[in-house]
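See structure below.
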Amino acid sequence: PNSILSCLYSARENARTIRESISKEMWEYVNQIYWKVKDRVEGSKNWEISRYQGFLEEIKSGSQLFYGIVDSTITRGEGWHFGQMGKLLERADKTTRFLDVKYFTLLPDIDAIGSPLDLLLWSAVLKSVSAYNMFRQQYKVISPTHIVEFLILDKSFPRSVVHCLQEAELSLYAISGTSFDHGYSNQAEKKISKLLSEIEFTEIEDILKTGLHQFLDDFQSKNNEIGQTVFNTYFDIKPVS
């Protein structure tokens, strides 16, 4: 269910069910990229590894193009805010998972920490979330501590955890029409505001003291709770007895 083709199939089916609520350009692009990828996958059995790299770059570019179509063709109403919120919560989750894979799965031997290979892997994390150039503008040296700080706590970078939560919170409150001055109006707003507050008052030293893996694991659990609470609040309609 998490394969690229399965995700595109689900996206196409979701778009088809709400076709009257989205733009013509959105539907056409989702439909087009699904069939394009499906055809490519069916003919990929004998591909060399270099062809897979180009294929994945196409998928990445296609996703970014779709976000551009959404932003330029959809009215900033309830539907847009739901889509925006979902995208941002998912983006925050994926940023933490890229960090976790590097730290927990690709952790080198103790002697290799700080080696050219280790720094190369950290650079790959930045490139995986399209953050390499923006990071190098802010930091002159590749440092694991700076990378973690940038991808979690930098409020200006659009794929950082804190930035994603800030923007997701704005959309969630916009959906209910609640003013920040009056506090939260449902459990979803309470959970996202609480988690955002925790992240905003966190410093890199706090993360390292807790342990990066433990910090990321805790965030992912709380982030998933927000998504589930949004579903319970707005979509899990109980039958009238």
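Computed quantities for the displayed model
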{"item": "Failed condition for Val148, given (1) over 15 Å from the mean Cα position of the chain (by Cα); (2) surrounded by fewer than 18 Cβ atoms within 10 Å (Cβ to Cβ)", "result": "(2)"}
{"item": "When residues of region 206-241 are limited to those that are of a type in the set (Val, Ile, Thr) and either in contact (Cβ under 8 Å) with a residue 12 or more places away in the chain or in contact with a helix residue (DSSP H, G or I) (Cβ under 9 Å, 6 or more places away or on another chain) (or both), the one surrounded by the fewest Cβ atoms within 10 Å (Cβ to Cβ)", "result": "Thr210"}
{"item": "Criterion (within 30 Å of Glu57 (Cβ to Cβ) and more than 17 Å from the chain's Cα centre (by Cα)) met by exactly one of Arg136, Arg159", "result": "Arg136"}
{"item": "So Gly79, is it closer than 26 Å to Ile226 by Cα, modelled with pLDDT under 95, assigned by TED's automatic domain parsing to the domain that holds Lys194 and out of contact with any Cys (no Cβ under 9 Å at 6 or more places or on another chain)", "result": "yes"}
{"item": "Residue that is nearest to the chain's Cα centre (by Cα), among those in region 178-205 that are surrounded by 14 or more Cβ atoms within 10 Å (Cβ to Cβ) and among the basic types (Lys, Arg)", "result": "Lys191"}
{"item": "Subset of region 77-89 (residues that are under 14 Å from Ser160 (Cβ atoms) and out of contact with any helix residue (DSSP H, G or I) (no Cβ under 6 Å at 6 or more places or on another chain))", "result": "none"}
{"item": "Test set (1) in a helix (DSSP H, G or I); (2) over 19 Å from Phe82 (Cβ atoms) - Tyr173 fails condition number", "result": "(2)"}
{"item": "Any hit, region 74-86, residues being loosely packed, with under 14 Cβ neighbours inside 10 Å and of a type in the set (A, V, I, L, M, F, W, C)", "result": "no"}
{"item": "Residue list for region 35-87, restricted to those being assigned to a helix (DSSP H, G or I) and among the hydroxyl-bearing types (Ser, Thr, Tyr)", "result": "Ser50, Tyr52, Ser61, Ser63, Tyr67, Ser72, Thr73"}
{"item": "Check on Ser197, at pLDDT 95 or above and under 20 Å from Lys87 (Cβ atoms)", "result": "no"}
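Yes or no, residue by residue, for (1) out of contact with any helix residue (DSSP H, G or I) (no Cβ under 6 Å at 6 or more places or on another chain); (2) in the same structural domain as Asp218 (by TED's automatic domain parsing); (3) hydrophobic (A, V, I, L, M, F, W, C); (4) closer than 24 Å to Ala131 by Cα:
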| residue | (1), (2), (3), (4) |
| --- | --- |
| Val30 | no, no, yes, no |
| Tyr34 | no, no, no, no |
| Val37 | no, no, yes, no |
| Glu42 | yes, no, no, no |
| Lys94 | yes, yes, no, yes |
| Asp100 | no, yes, no, yes |
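The values are calculated or read from the model by the stated rules, or taken from the named source; none is laboratory data. Every value quoted in this text rests on a predicted model; they were computed, and no experiment measured them. Virtual Cβ from ideal backbone geometry, glycine too; neighbours counted across all protein chains shown.
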